[in-house]
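So the structure is just underneath, and the comments pick up after that.
Since every read-out is calculated from the coordinates, none of them should be taken as a lab result. Predicted, not measured: the structure shown is a model, and the values here were computed from it. Cβ atoms come from the backbone with ideal geometry, glycine included; neighbour counts cover every protein chain shown.
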Amino acid sequence: MSIGASPPRIEAADKATGRARYVDDIKLPGMLHTALLTSPHAHARICGYRLDAARALVGVKAILIALT
Amino acid sequence: MNDRLALLVKVNGELHEALASPAATLLEVLRDQLSLTGTKRGCNHGVCGACTVLIDGKLARSCLALAADVGEREVTTVEGVADGVSCSAVQRALIESGAIQCGFCTPGFVMALTYLFASDPRPNRETIRAALSGNLCRCSGYVKIVEAAERIAEARV
């Protein structure tokens with residue numbers, strides 16, 4: 001190998017054959033998924049949260065919020 | 001839509017059983033039920049081509065195909081284009097041409113090129129570009145991908 005050579009990427013074969021694992025390809029036992037709910041307003045002040053509807057959804061394990 | 005359908009799908013020459021919602025797409029069954037994650041979920045709207053597979057030898061967006069609708073037709077994914085040991089000519093050309101960057105679009109391009117060369121062994125640049133027009137590469141590595149296809153066409157003189 002020298003300067004000016006064009007070596008193949010070491011992971012190219014994995015990517016070309018579909019063997020490469022991307023984050024969305026990983027499945028772990030008991031794996032949870034997150035869903036982001038962002039503010040519809042730019043630079044708004046958060047005055048409070050109403051979380052009952054989210055809590056009532058089947059399968060919701062936790063709701064993480066920013067401190068107000 | 002909690003009802004589940006028992007499906008039989010033929011993928012890469014093997015019959016698989018899957019339990020899926022009647023609304024499940026072929027892409028969801030391939031990735032989530034059969035763990036064939038080589039087929040990528042890009043836009044999930046039939047725009048980007050990352051989920052491209054062959055159904056009975058024809059190009060199809062697996063995100064737009066209902067799994068229940070595939071029936072007994074033969075599905076080929078990126079995992080099935082080579083013999084499992086070595087790469088296909090298309091895969092080899094992409095690797096050797098430096099046509100793979102992040103690689104997320106690559107399985108879709110592999111399928112599009114596999115289809116192209118099955119129907120036209122010596123396509124010219126215009127034909128190649130048209131054949132790849134349904135696949136997006138957000139690294140924008142199109143030049144190398146077209147070069148890879150031209151390399152295959154030239155090798156078949």
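Structure data summary
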read-out: Theoretical FRET efficiency, 1/(1+(r/R0)^6), r = Cβ-Cβ of B:LEU5 and A:LEU57, R0 30 Å, to 0.05; value: 0.75
read-out: Value of [θ]222 nm, deg cm²/dmol, for chain B, DSSP H segments ≥ 4, -39500 (n - 2.57) each, nearest 500; value: -8500 deg cm²/dmol
read-out: Translational diffusion coefficient (Stokes-Einstein; Kirkwood radius from C-alpha pairs) of the range A:2-68 at 25 °C, 0.890 mPa s, in µm²/s; value: 143
read-out: Volume per residue of the C-alpha convex hull in the range B:16-150, rounded to whole Å³; value: 103
read-out: Which of A:LEU32, B:LEU132 has the fewest Cβ neighbours within 10 Å, and the rest in rising order; value: A:LEU32, B:LEU132
read-out: Per-q log10 I(q)/I(0), the range B:74-155, q = 0.14, 0.16 Å⁻¹ (Debye; single scatterer per alpha-carbon; no solvent); value: -0.40, -0.53
read-out: The protein assembly as shown, Cα convex hull volume normalised per residue, Å³; value: 198
read-out: Order of B:VAL70, B:VAL53 under a 10 Å beta carbon neighbour criterion, fewest first; value: B:VAL70, B:VAL53
read-out: Cβ-based exposure ranking for A:VAL60, A:VAL23, in which fewest neighbours within 10 Å come first; value: A:VAL23, A:VAL60
